[in-house]
Amino acid sequence: MGFAQRFDHVGITVADLDTATAFFVSLGLEADQKMAIEGEFLDTVIGMTGAATEIVMLRLPGGGTTLELSSFARPDHLPGSPAAPANELGLRNVAFEVKDLQAAVDQIAADGYGLVGGIGEYEGVWRMAYVRGPEGIIVSLAEQIQK
């Protein structure tokens with residue numbers, strides 16, 4: 001038996017919290033209010049002194065695992081790789097099942113975000129695409145093909 005009891009959240013650090021939040025809200029997630037966090041707790045957990053961050057928790061309607069977006073006021077954030085390819089080591093994407101993949105891709109394109117590659121089909125069961133959102137975040141969108 002392992003220690004983990006449930007999957008709680010995935011955290012992504014961003015420079016522009018409002019833009020990243022709006023992107024995920026456009027996919028259908030619901031955002032909690034922004035929270036400012038600083039002090040001994042944060043310093044201890046992240047191993048830095050004098051840190052300050054704002055976070056927004058997002059979730060799908062009905063609950064489940066959450067997505068935590070955070071933006072640091074202190075210390076200054078370090079640049080990531082906004083054009084990182086899918087094979088770069090590290091957390092590469094966050095994935096969502098969608099009802100209508102083409103409509104989701106079209107909406108994202110209307111908001112100024114594009115596909116990393118194209119829309120692929122896996123064994124007649126799934127259609128999937130990687131989209132590159134704000135600050136280079138790769139979001140995998142998948143639609144189950146109905147037979």
Would you kindly work out the equivalent ellipsoid of the chain from its C-alpha gyration tensor and give its semi-axes, the square roots of five times the eigenvalues, largest first in whole Å?
29, 18, 15
Longest principal axis of the chain (C-alpha) makes with the long axis of helix 101-110 (C-alpha) an angle, in degrees to the nearest 10, of 60
Against the longest principal axis of the chain, how steep is helix 17-26, in degrees 0 to 90 to the nearest 10, with axes from Cα atoms?
30
Restricting to Cα pairs under 8 Å and 6 or more apart, the percent relative contact order of region 1-130 works out to 21
Of all accessible heavy-atom area on region 1-135, the percent that carbon and sulfur account for (1.4 Å)
56
Please list the radius of gyration and Dmax for region 65-147, considering alpha-carbon atoms only, with Å as the unit.
14.5, 52
DSSP bridge pairs, the chain: antiparallel proportion in percent, nearest 5
75
Amide H of residue 66 versus every other amide H placed in the peptide plane: which residues, excluding those fewer than 5 positions away on the same chain, fall under 5 Å?
9, 10
Surface per residue (accessible, 1.4 Å probe) for region 1-137, Å²:
65
In square nanometres, what is one fourth of the surface area of the convex hull spanned by the alpha carbons of region 19-70?
4.0
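The values are calculated or read from the model by the stated rules, or taken from the named source; none is laboratory data. It should be emphasised that the depicted structure is a prediction, and the values quoted were computed from it without experimental measurement. Heavy atoms of the whole protein, side chains included, go into the accessibility calculation; ligands, DNA and RNA do not. Shrake-Rupley method; radii C 1.70, N 1.55, O 1.52, S 1.80 Å.
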